[in-house]
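For reference, the structure discussed in these notes is given below.
The values are calculated or read from the model by the stated rules, or taken from the named source; none is laboratory data. Quantities reported herein were computed from a predicted structural model and do not represent experimental measurements. Ideal geometry is used to build each Cβ from the backbone, glycine not excepted, and the neighbour counts take in all protein chains shown. To get the accessible areas, we keep the full protein, side chains included, count just its heavy atoms, and leave off ligands, DNA and RNA. Shrake-Rupley method; radii C 1.70, N 1.55, O 1.52, S 1.80 Å.
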Amino acid sequence: MPNNNQDILFMRKALALARQGRGMTSPNPMVGAVLVKAGRVIATGWHRQRGTDHAEVIAFNKAGAKARGATLYLNLEPCHHDGYTPPCVERVLRSGINKIVVAMKDPNPLTNGKSLAKLKRAGIRVKTGVLEKEARLLNEVFVKFIKDKMPFVVAKSAITLDGKIATASGDSYWITSAQTRDLARRRRDQFDAILVGANTVLKDNPNLNGQRKALKKIILDSSLRISAQAKLFKKTRAANCYIFTTKRASSANVGMFRKRGINVEIYPRATGRIPLRWVLKELAKKEITSILIEGGAQVIGSALKENLVDQMHIYMAPKIIGDQKALSAVDGLGIKKINQAIRLHHLIVKKIGQDIFLEGYVHRHH
């Protein structure tokens, strides 16, 4: 097998290992490591969650002295800085490997090529760019967070064929099938946080829980109308809940939520609505790297209008409501011409029973 094919084969394995950490490693990237000697895999590792050993360290621990003279495959350059764990580049240097194949450089300025330069200086052969596109896509959340200091945002809706999320009377149970709803709930685990507007809390009273992990819950409520008894606060650590409001909120209400340990952030300027860009910047400071917006139509509309949505997840049921007054999935864009409509690209379409799932990136308009 020629060297290049072999590199692709083992890098695919590293990417598949990395993927197992999806939703669990934030704010760290997903990383997989494969140690190969004489064309055979001798050890593997993947980063499970923040604060635990990095992928290459796990692989070296398994391989022990056998790592000498091996080739290390990693989907991301080893870290060069101290974080929750010591810099991995030192461990790579001590391991005795003679070659490293990396899919992409670490975009973090604390590393960005420094580790690879250090390994080269030590006489280790370095190859980069193998399956780089796939590696970037896998860690798109991490790349955006590092480069823009903003979370990766996905807006989600469940709609009928005519784009409605509820009838004119507000009935929305259930547009999609139980199978689709189950899949949508499982997908929440890929995110750090879930964001909704006050209307969604008041009308639907959702619990916003993940399946396998504790999600951070973010509520936009400009006059602090929601109840402290709302379902989303039950069986959840108060510290994982964030309410963003304005000066219109009564200080008694703010005090009551804060006393319970719930984070209440007040937008400093007098305004009717809470600017979403400010909200996302504040959340990024708290190392929240990915957010799923689950409603409602105005929140999704504002996020699209402000160019803040990276991707849309749309669950579509083969049903038609057929009423102009029925609620649409997105509101507030006020687009006058078709050529100004927001477009999705790199579409993925899947069938879930009778329903359809659409996933696409939002085309940035400037």
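Quick notes on this one:
- Pairs, first modelled with pLDDT of 95 or more in region 295-323, second open to solvent by 30 Å² or more (accessible area, probe 1.4 Å) and aromatic (Phe, Trp, Tyr), C-beta under 7 Å, six or more apart: Asp310/Tyr361; Gln311/Tyr361
- Flag if Arg12 is modelled with pLDDT of 95 or more, over 25 Å from Lys147 (Cβ atoms) and surrounded by fewer than 19 Cβ atoms within 10 Å (Cβ to Cβ): yes
- Taken as a whole, the condition of being within 29 Å of Gly170 (Cα to Cα), open to solvent by less than 60 Å² (accessible area, probe 1.4 Å) and out of contact with any helix residue (DSSP H, G or I) (no Cβ under 6 Å at 6 or more places or on another chain) does not apply to Asn263.
- The set of residues in region 190-219 being open to solvent by less than 70 Å² (accessible area, probe 1.4 Å), closer than 16 Å to Ile288 by Cα and touching a helix residue (DSSP H, G or I) at 6+ places or on another chain (Cβ under 8 Å) consists of Ala193, Ile194, Leu195, Val196, Gly210, Lys213, Leu215, Lys216, Lys217, Ile218, Ile219.
- Condition check for Ile338 on (1) within 19 Å of Ser223 (Cβ to Cβ); (2) without any contact (Cβ under 8 Å) to a residue 24 or more places away in the chain; (3) aliphatic (A, V, I, L, M): one failure, at (1).
- Set Asp171, Asp162, Asp182: member being free of Cβ contacts under 8 Å to residues at least 40 places away in the same chain, in a loop (DSSP other than H, G, I, E, B), of a type in the set (D, E, K, R) and open to solvent by 20 Å² or more (accessible area, probe 1.4 Å): Asp171
- Residue match in region 254-268 (condition: closer than 27 Å to Arg22 by Cβ and out of contact with any Ser or Thr (no Cβ under 7 Å at 6 or more places or on another chain)): yes
- Subset of region 221-259 [closer than 21 Å to Asn199 by Cβ, assigned to a helix (DSSP H, G or I) and either modelled with pLDDT under 90 or not hydrophobic (A, V, I, L, M, F, W, C) (or both)]: Lys231, Asn253
- Residue ID - most open to solvent (accessible area, probe 1.4 Å), chosen from residues in region 20-55 that are farther than 18 Å from Met104 by Cα and in a strand (DSSP E or B): Arg40
- The set of residues from region 94-111 being in contact (Cβ under 8 Å) with a residue 40 or more places away in the chain, within 17 Å of Ile146 (Cβ to Cβ) and aliphatic (A, V, I, L, M) comprises just one member, Ala103.
- Condition check for Lys350: over 22 Å from Asp189 (Cβ atoms) and not acidic (Asp, Glu): no
- Test: residue in region 162-174 that is at pLDDT 95 or above, closer than 23 Å to Ser302 by Cβ and hydrophobic (A, V, I, L, M, F, W, C): no
- Tally of residues being open to solvent by 90 Å² or more (accessible area, probe 1.4 Å) and in a strand (DSSP E or B) across region 120-137: 1
- Test: residue in region 70-90 that is at pLDDT below 90, open to solvent by 20 Å² or more (accessible area, probe 1.4 Å), of a type in the set (A, V, I, L, M) and outside any loop (DSSP other than H, G, I, E, B): no
- Of note, Ile146 satisfies the criterion of being touching a Pro at 6+ places or on another chain (Cβ under 7 Å) and open to solvent by 30 Å² or more (accessible area, probe 1.4 Å).
- In summary, Lys156 fulfils each of the numbered conditions (1) among the charged types (D, E, K, R); (2) part of a strand (DSSP E or B); (3) exposed (fewer than 13 other Cβ atoms within 10 Å of the Cβ) with the single exception of condition (3).
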